[in-house]
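Asks: One structure coming up, written as structure tokens, with questions to follow.
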Amino acid sequence: MKVISLMESEATRFGHEIHYQESLDAIFVLMDQDKMIQLLLNLVKNACEAMEENGLVQIKLSRDLKNATFVIADNGPGIPEDQLEKIFHPFYTTKESGTGLGLSICYKIVQDHQGTFEVESELNLGTRFIITMPLAMGNTVMLDKAAQG
């Protein structure tokens, strides 16, 4: 997975591991490969920055009859409930040097692909971002191949 190869050294520098579980089934989605890589890189980077040492980022790709689903989960401190509704708003950030644009851009990328973007978080347990995109038929790009590069 290209995202993992791009993020692995940074994750290691933070003392984290990245685990990837891919689907056993082929997954085809109409998508902009560069935008998808940008989306996943941002989510993995955010997860690495949010966790203390020895954190774990889990990336899972699966599908059902109609959709492909990416889940990016960490075991970091979680996002307080009062911040959850704000994290996709442009210019909202909790980082000292953040612009507050990362997650709003991610949200737009998912919207542009007719997908859904959800977040679940529990304090002291971690955060999960769930991206669901419609499967495509015919002349398509394979989602797993885009992630791999």
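Asks: Could you work out the relative contact order of the chain, using alpha carbon pairs under 8 angstrom and six or more residues apart, expressed as a whole percent? If you can, show how the numbers build up before the last one.
Replies: Working: 282 pairs, mean separation 47.3, N = 149.
This gives 32 percent for the chain.
Asks: Along the charge dipole of the range 1-76, Cβ charges K/R +1 and D/E -1, which of Leu39, Gly55, Ala26 sits furthest on the positive end?
Replies: The listed residue farthest towards the positive side: Ala26.
Asks: For Tyr20 and Thr93 in the same chain, what is the full-extension length gain: residue separation times 0.36 nm, less their Cα-Cα distance, in nm? Write down the numbers at each step before the final one.
Replies: Working: separation 73, 0.36 × 73 = 26.28 nm, distance 2.73 nm.
Between Tyr20 and Thr93, full extension yields 23.5 nm more.
Asks: Another question about this same structure. Can you list the HN-Hα couplings for the range 37-47, worked out from phi with the Karplus curve (6.51, -1.76, 1.60; θ = phi - 60°), rounded to whole Hz and with x for Gly and Pro?
Replies: For the range 37-47, the Karplus-derived couplings read 5, 4, 4, 5, 4, 4, 5, 5, 4, 4, 4 Hz, x marking Gly and Pro.
Asks: Extent of the chain along each principal axis, from alpha carbon coordinates, in Å, largest to smallest?
Replies: Computed over the chain, the largest-to-smallest principal extents equal 45, 30, 24 Å.
Asks: Cut-off 10 angstrom, C-alpha nodes, Gaussian network model of the chain. Which of Leu40, Leu84, Leu30 fluctuates the most?
Replies: Leu84
Asks: What does the accessible area per residue of the chain come to in Å², with a 1.4 Å probe and no ligands, DNA or RNA counted? Spell out each step's value before the answer.
Replies: Working: 8610 Å² over 149 residues.
Per-residue value: 58 Å².
Asks: Of all accessible surface on the chain at a 1.4 Å probe, what whole percent is carbon and sulfur?
Replies: Looking at the chain in its full context, I get 49 percent from C and S.
Asks: I'd like the accessible area for Phe88: 1.4 Å probe, protein heavy atoms, all chains in place, Å² to the nearest 10.
Replies: Taking all protein chains as shown, Phe88 has close to 40 Å².
Asks: Give me a comma-separated list of calculated 3J(HN,Hα) values for the range 90-95, in order, Karplus coefficients 6.51, -1.76, 1.60 applied at θ = phi - 60°, integers in Hz, x for any Gly or Pro.
Replies: Taking θ as phi minus 60°, the curve returns x, 6, 8, 8, 10, 8 Hz for the range 90-95.
Asks: List every residue whose amide H lies under 5 Å from the amide H of Ala136, counting only residues 5 or more places away in sequence or on a different chain, with H placed 1.01 Å from N in the peptide plane.
Replies: It is Phe28, Val29, Leu30, by chain and number.
Asks: Taking θ = phi - 60°, what integer Hz values does the Karplus form 6.51 cos²θ - 1.76 cosθ + 1.60 yield along the range 108-118, in sequence order, with x for Gly and Pro?
Replies: 5, 4, 5, 4, 4, 9, 6, x, 10, 9, 10
Asks: Something else now. Helix-only estimate, please: 222 nm mean residue ellipticity of the chain, summing -39500 (n - 2.57) across DSSP H runs of length 4 or more and dividing by its residues, to the nearest 500.
Replies: -10500 deg cm²/dmol
The values are calculated or read from the model by the stated rules, or taken from the named source; none is laboratory data. Keep in mind it's a predicted model, so treat the numbers as computed, not measured. Positions of Cβ are backbone-derived with ideal geometry, glycine not excepted, and every protein chain shown enters the neighbour counts. The protein model used for the area step is the full one, side chains on, heavy atoms only, and it has no ligands, DNA or RNA in it. Shrake-Rupley method; radii C 1.70, N 1.55, O 1.52, S 1.80 Å.
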